[in-house]
Structure formats: structure tokens, C-alpha cells
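A.B. asks: Structure incoming, see below.
The values are calculated or read from the model by the stated rules, or taken from the named source; none is laboratory data. Everything numeric in this text was worked out from a predicted model, so none of it was measured. Backbone-built Cβ (ideal geometry, glycine too); neighbour counts: all protein chains shown. Accessible surface is based on the protein model in full, side chains and every heavy atom, while ligands, DNA and RNA are left aside. Shrake-Rupley method; radii C 1.70, N 1.55, O 1.52, S 1.80 Å.
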Amino acid sequence: MNANVNDESLLWDGIVPYPEEFVERYIQKGYWKGQTISEFFQESAQKFVNQMALICGDRQYSYQELNQNIEQFAVFLTKQGYGLADAVVIQMPNIAEFFIAYFAALRIGMRPVMSLPAHRHAEVSHFIQQTDAKLYICADKHLGFDYRSLAQECQRRCPTLQQVIVVGDAGDFDPWPNLPSFKNHMVSKPKITARHVAFFQLSGGSTGTPKLIPRTHDDYLYSVRASADICKLHTESRMLMVLPVAHNFSMSSAGSLGLFYTGGTLVLSKDPSPQTAFPLIESHNITHVALVPALAATWAEAVQNGATNIFKKLTALQVGGARLPDALAEKLIDQYQCRLQQVFGMAEGLVNYTRYDDPKEVIIGTQGSRISPDDEIKIVDEDDHELPLGEVGHLLTRGPYTIRGYYRASEHNRNAFTLDGFYRTGDLVRLTPEGNIIVEGRSKEQINRGGEKIATEEVEQVLNQHQQIILSALVAQPDPILGEKSCAFIQWRPNNQDASETRLKLQIRQFVQAYGLATYKIPDRIEFIEEMPYTALGKIDKKQLRKRLTEDTI
Ligand code: OOB
């Protein structure tokens, strides 16, 4: 089915398309298969009918049952009046409804926005505004936070938002519908092709506002299928999901979609603690888990303190999202006989894996190699000149599943991409002669707090709105558990009612929280500073500030 001209312009609004010659190449090489994500799941449902797809607490769904639930929720969405290119922000913990809502929205051509449970009203209302979303779907409460109050705030701020659906106790909002009542209806296929945008991932960002990442059906599914192959998933694979389901790592590397492609079983864990996760690994005979390094360290600690060695039970443990320290990698392999796989990826596209049969030193000391021979990788200096092999430089990339531009962000895209379409990852890396990438650092204004990314500018902009803050600078401070934490240096305008320093710091944290930023963005440490150090160009000298932290000369 072809979309009409008006639909076409609607579907491409704010999107930077892949140039035609690349489209042809990716199709010709068999990467892009012309299948939508919805068709992809339906194909699995037909293939794996009664096999177990999803386990969420004591609820279990076979492929067929999950597919029916998706179809019924899609009918419900259609009856509510939603359709082609309507955005829906989905923010849920690791529960079955996430997948039902996600695939159902895709089935009718809606575009889900993958919000994470840690986001608060500043981020969520931004996603709604950026996409003109009409619908927001969340769960009532999770880890002590009430998403209904967040929804209320978003409704106040976002005129486009028409409806909020809450899983659980909906309060004043619409409850999750009774799905069987929609069972005798069908939805019609939306007028889209696999070349169109399917949904939005979120960027960790380095500027004031988080950017939306438009992923097409074709590009995403290529990364999913290829990842499932690399990770050797199959019908007997049983994956435990402890990281947030909506994150790109969890969804596609190889993640839930990779698993659904091969007919495996996904088990959801509401939190990633050893207390919750280890019993699930044992009782469900889990074969695959993905973690961030901070969690891998926590799990190793639990095993060291007497818990069963669950690492040995797994066919593979993936670790990614932030740099895994070599020492921890070595310990996991040598001490815990863990079959480790490092994953270095980004929601914008490019994903690298160490392969299961790589030599031990590669698995310990590198972040692996690209998925596709058509992932173009350049390592360049400040002037975009390519560096000799082995030198550390800026990683640029372009390929069959890496975006060409953020959504509705033409200004930002001018800096984030080169003229010939390479994405500037902001990572400082070097390449080994075998083609493995080693992540050496970062040039982007971002803090990687245990895999959760903080755009420093976003937090500084909030801090600078405080009446008594003259200037602020957020920098990374090394942390033994999380890898990095954040420290805000603050130039303060005193007044005669100022409380003690400890109270002031608390007040500043409360200010950021009340603004509605995600909790992980609240500065871990705050230091008052008489005057900021400046570079010769007159910019705040963050290098100097970081040095003060590491040398403890504050
Ligand atoms: C994943 O995606 P994002 O979008 O949350 O973050 C991407 C950034 C990368 O540019 C890099 O700075 C950092 O996270 N990163 C790593 C890393 N994996 C990601 N830094 C060092 N070592 C690693 N292994 O984080 C993501 C997406 C898909 C798969 C895996 C991770």
C-alpha cells in the first residue's frame, strides 16, 4: 500500500532520509528487507505460536497470546481515534504492557517514544512537545514514584496531550482497557513502508534538551537480526531483562526484539538487584542477561559474598552502556567463569560486540567490532582528518542502521553530523589492527553515570535558573562503582538569609528535582567556587575543574 502525498509529507516531516544511493545499496546487500516491525513480530507469532514469549511475574504469554493482546490493544487505540504518525510517549517499568503498547502502536502506524522510568516531567513533557504526542501511557507507580502526578504536570504543560492511560490504579486517568472486549475486531494495515520511521529512541545528549532519534523499520530490524545472529540466540534462549526495557541496548542488542526474532523466552525483572534477579535466573534457567558495568560489579560483589555463581550458569553475559574496566572483565572471566560479551553501542545506531570466539584479551580489553561490514568507521582529529591506525581520535560513523539526523533538529544536526552524513559519536576511541574498538574517553559534554547519560548543559541550564546561582558547571568525577558521578561547581550569590552550606546544597538539589529533571541528573556533589577558571577562549575550563576533583584540591 502506498501512502498518499499528504501522508508522505507528514511521514517525512522533521526526518533526514538516507540518500537514495545508500538505500539502494542497503536493499541490494540484503540488509533492508522491506518488513515493518509489526510484520516482523507477526511473523514470529505465526512461527512460534505456542512457545513462551514473555514472562512477567506470574503472567505468561505465548507468542500467539502476546500477539492477540497486541492486536486487541491496537483495536482499542484505533477506536480511540489514533492512527498514522501519531506519537505516543510510553513510559513503563519492565512489565508486559510495555510490549503490548509498543507493538500495538506500531501496528496502526503510531510512533512510540521510548521514555525511561527515570525520566521526570521536564523530560517527558519535552518528548510530548517535540512530537506533538496525543497520548501518554504509563504505569501508576514504580519504585516509590507516582507517574500519575507526572502525567498531571505534563497535561498542564502540553496542549497536544489528549489522553493518559495508566496501567494499574488509574485514578483520574483512563485505565488500561479490558483487552478481550476488543477481540472480535481487526485493524487495517497502516499506509507505511519499512522505509518510514517506526519509533523514537532517545539520545543521551550533550546539549540543553534531549534529542529524539527516529529509527526506521528497515534500519532497526537489520540491527536486530544481525545482532541475534552475533549473539547466537535461538528458540531455547531465555533472556532476563533487568535494564529498562525501552533502552536501545535492551530492545535491539540483541535484546527483546532479537529474542522474539528467534523464538526465545523473555523474562522481565522489575529491578536489577541480585535479590530480585538471581532467583529469576535460577528458576527460569536464564541463558542471557545484559548489564551495565556498575551492575556487573554489584552482581560480582553479591557472588563474592556467598550468592550462587549465577555468571557460570549463563550462556552469555553482555556488558555495555559504559566502559567496563579491564580488571572487572578479567575477574568475571577468570574468577567466575563468565562467558562475557562487551557491547559498545548507541541509540543513534552503531553497535559493536566482542564475539564469543574472540581471544580472551580481545574480550577483556576491547569493546568489540561493528555489526556490519557497511558500518563505516572513521577515527579523526579535531579537523576531521583521519588518523593513522591505532591512534586515539573522534569516532565518526555512518551505516545501514545509523541515523542521518535527529528529529526536528536541523540546527543541531549541522554539528552532530558531517556534511557527508557521518554521525559524530562524541566518543574518543582507537582501533586495533583486527578492527576492534577501544573506548578511551569522550569529547562530548556528557557524563556517563553507570550507563545513564547526563548532558551537562541541560543540568547547568536548570541550575542557572536559580536566583542565587551566578554560574554553574557540571563535570564528571570518577567513581569506583558507577564509573562516573556528577559534581556541580557553583558560583553563588550570597544573601543574608543563607543557611549553612549543607542546607544550601540540599536546597539546590531540591530545586533541580522540583524542576522535573530525572533523578540521576541531580548533582551527586556540589562545590561552591569563588570564581570559575577560564580557558584562553573565555570558556569555563572544565578540564581544570575535573583536575581539582581528582587531585582533591578544592
Ligand atoms: C548505549 O546507548 P546510549 O545511546 O545510551 O549511549 C551511547 C553512548 C556511547 O556513545 C558511549 O559514549 C557510551 O554510551 N557507551 C560506552 C559503551 N557503550 C556505550 N562507552 C564505553 N564502553 C561501552 N561498552 O549505551 C547502548 C546502546 C546499544 C547497545 C549498548 C549500549
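A.B. asks: Pairs, please: C-beta under 7 Å, at least 6 apart or cross-chain, first residue part of a helix (DSSP H, G or I) and in the range 319-337, second open to solvent by 70 Å² or more (accessible area, probe 1.4 Å) and at pLDDT 95 or above?
C.D. replies: Filtered contacts from the range 319-337: 333/360.
Yes/no matrix, rows are residues, columns are (1) within 26 Å of residue 347 (Cα to Cα); (2) in a loop (DSSP other than H, G, I, E, B); (3) more than 16 Å from the ligand (Cβ to nearest atom):
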| position | (1), (2), (3) |
| --- | --- |
| 171 | no, yes, yes |
| 186 | no, yes, yes |
| 193 | yes, yes, yes |
| 200 | yes, no, no |
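For (1) closer than 22 Å to residue 120 by Cβ; (2) in contact with a Gly (Cβ under 7 Å, 6 or more places away or on another chain); (3) assigned by TED's automatic domain parsing to the domain that holds residue 543, each residue gets a yes or a no:
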| site | (1), (2), (3) |
| --- | --- |
| 457 | yes, yes, yes |
| 462 | yes, no, yes |
| 465 | yes, no, yes |
| 469 | yes, no, yes |
| 490 | yes, no, yes |
| 497 | no, no, yes |
| 505 | yes, no, yes |
| 512 | yes, no, yes |
| 515 | yes, no, yes |
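A.B. asks: Still on this model: Within the range 438-481, which residues are polar (S, T, N, Q), within 20 Å of residue 493 (Cα to Cα) and either open to solvent by less than 60 Å² (accessible area, probe 1.4 Å) or part of a helix (DSSP H, G or I) (or both)?
C.D. replies: Across the range 438-481, the qualifying residues are 461, 468, 472.
A.B. asks: What tally of residues in the range 378-412 results from selecting those that are closer than 28 Å to residue 12 by Cβ, open to solvent by 10 Å² or more (accessible area, probe 1.4 Å) and not in a loop (DSSP other than H, G, I, E, B)?
C.D. replies: The number of residues fulfilling the criteria is 5.
A.B. asks: What do you reckon, is residue 343 away from the ligand (no atom under 13 Å from the Cβ) and out of contact with any Pro (no Cβ under 8 Å at 6 or more places or on another chain)?
C.D. replies: no
A.B. asks: So residue 489 clears everything in (1) away from the ligand (no atom under 16 Å from the Cβ); (2) part of a strand (DSSP E or B); (3) open to solvent by 30 Å² or more (accessible area, probe 1.4 Å) except one condition, right? Which one?
C.D. replies: Looking at each condition in turn, residue 489 falls short on (3).
A.B. asks: Name the residues in the range 208-240 that are in a loop (DSSP other than H, G, I, E, B) and closer than 25 Å to residue 109 by Cβ, would you?
C.D. replies: 210, 211
A.B. asks: May I ask you to verify whether residue 308 is more than 30 Å from residue 421 (Cα to Cα), of a type in the set (Val, Ile, Thr), open to solvent by 30 Å² or more (accessible area, probe 1.4 Å) and in a helix (DSSP H, G or I)?
C.D. replies: no
A.B. asks: Continuing with the same structure: Being free of Cβ contacts under 8 Å to residues at least 12 places away in the same chain, in the same structural domain as residue 182 (by TED's automatic domain parsing) and either among the aliphatic types (A, V, I, L, M) or open to solvent by 10 Å² or more (accessible area, probe 1.4 Å) (or both), is that true of even one residue in the range 105-115?
C.D. replies: No: zero hits.
A.B. asks: Moving on to the next point. Tell me the helices (runs of 4 or more DSSP H) entirely within the range 20-106 that contain at least 3 residues that are under 17 Å from residue 193 (Cβ atoms).
C.D. replies: Of the helices (runs of 4 or more DSSP H) lying wholly inside the range 20-106, those with at least 3 residues that are under 17 Å from residue 193 (Cβ atoms) span 20-28, 37-48.
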